[in-house]
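S.K.: Below is the structure I would like to discuss, written out as structure tokens.
Bear in mind these aren't lab numbers, they're just calculated from the coordinates by the rules spelled out. The model shown is predicted, which means the values in this text are computed figures rather than measured ones. Here the Cβ positions follow ideal geometry from the backbone for every residue, glycine too, while neighbour counts run over all protein chains shown.
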Amino acid sequence: MNKKMKIKKDDLVMVMSGKDKGKTGKVLRVIPDDNKIIVSGINIVKRHQKPNAKLQHGGIIEKEAALYADKVMLVCPKCNLPTRTNSKEVSGNNVRVCKKCEEIVDNI
């Protein structure tokens with residue numbers, strides 16, 4: 001089941017609710033089937049890890065966990081504020097546009 005998401009990999013997003021409210025980070029991975037994303041430095045969880053070939057000693061490691069895409073908003077590169085986006089057709093290409101300052105964010 002392919003779902004269309006408004007947030008893509010490498011977007012700068014701000015968390016709007018939850019324990020990390022107000023923090024910004026870059027999207028590392030998008031999981032459209034679950035409507036979730038993984039953002040760098042956001043939703044850090046601790047996991048107990050057994051020793052293996054990659055991690056020789058094991059122990060407690062911290063890593064980013066997935067969070068719902070509905071909890072974040074895209075940050076406009078021009079006005080530097082969290083914003084909703086609109087799509088427009090510019091010279092034959094669909095682009096995402098900031099609703100606050102009408103600046104083109106990028107191609108869809």
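S.K.: Which of Met73, Met16 has the fewest other C-beta atoms within 10 Å, and how do the rest follow up to the most?
M.R.: Fewest to most other Cβ atoms nearby, the residues stand as Met16, Met73.
S.K.: Over 21 Å between C-alpha atoms is what I'm after, so list which of Lys26/Lys54; Lys9/Lys46; Lys19/Lys54; Lys4/Lys36 land there. Display every interim value, and only then the final one.
M.R.: Values: Lys26/Lys54 25 Å; Lys9/Lys46 24 Å; Lys19/Lys54 30 Å; Lys4/Lys36 12 Å.
Result: Lys26/Lys54; Lys9/Lys46; Lys19/Lys54 exceed 21 Å.
S.K.: At most 16 other C-beta atoms within 10 Å and a DSSP loop state: those are the exposed trypsin sites (Lys or Arg not before Pro) I care about. Give me the longest piece of the chain that has none. Working shown, then result.
M.R.: Details: sites that count: Lys3, Lys4, Lys6, Lys8, Lys9, Lys19, Lys21, Lys23, Lys54, Lys78, Arg84, Lys99, Lys100.
The longest such stretch corresponds to 24-53.
S.K.: Please state the relative contact order of the chain as a whole percent: Cα pairs under 8 Å, 6+ residues apart?
M.R.: 19
S.K.: Of (i) 7.7; (ii) 9.2; (iii) 8.9, which one was derived for mean projected area of the Cα convex hull in nm² from the structure shown?
M.R.: Here mean projected area of the Cα convex hull in nm² agrees with entry (iii).
S.K.: While we're looking at this one, here's another question. Below 11 angstrom from the Cβ of Ile42, what's the summed charge of the other residues (Lys, Arg +1; Asp, Glu -1)?
M.R.: Numbers: positive: Lys19, Lys21, Lys23, Lys26, Lys71; negative: Asp20, Glu64.
Overall, the nearby charge balance is +3.
S.K.: Just flag the GluC sites (Glu not before Pro) in the range 52-108 sitting in loop per DSSP whose Cβ has no more than 15 other Cβ atoms within 10 Å.
M.R.: Of the GluC sites (Glu not before Pro), the ones in loops of the range 52-108 whose Cβ has at most 15 other Cβ atoms within 10 Å are Glu102, Glu103.
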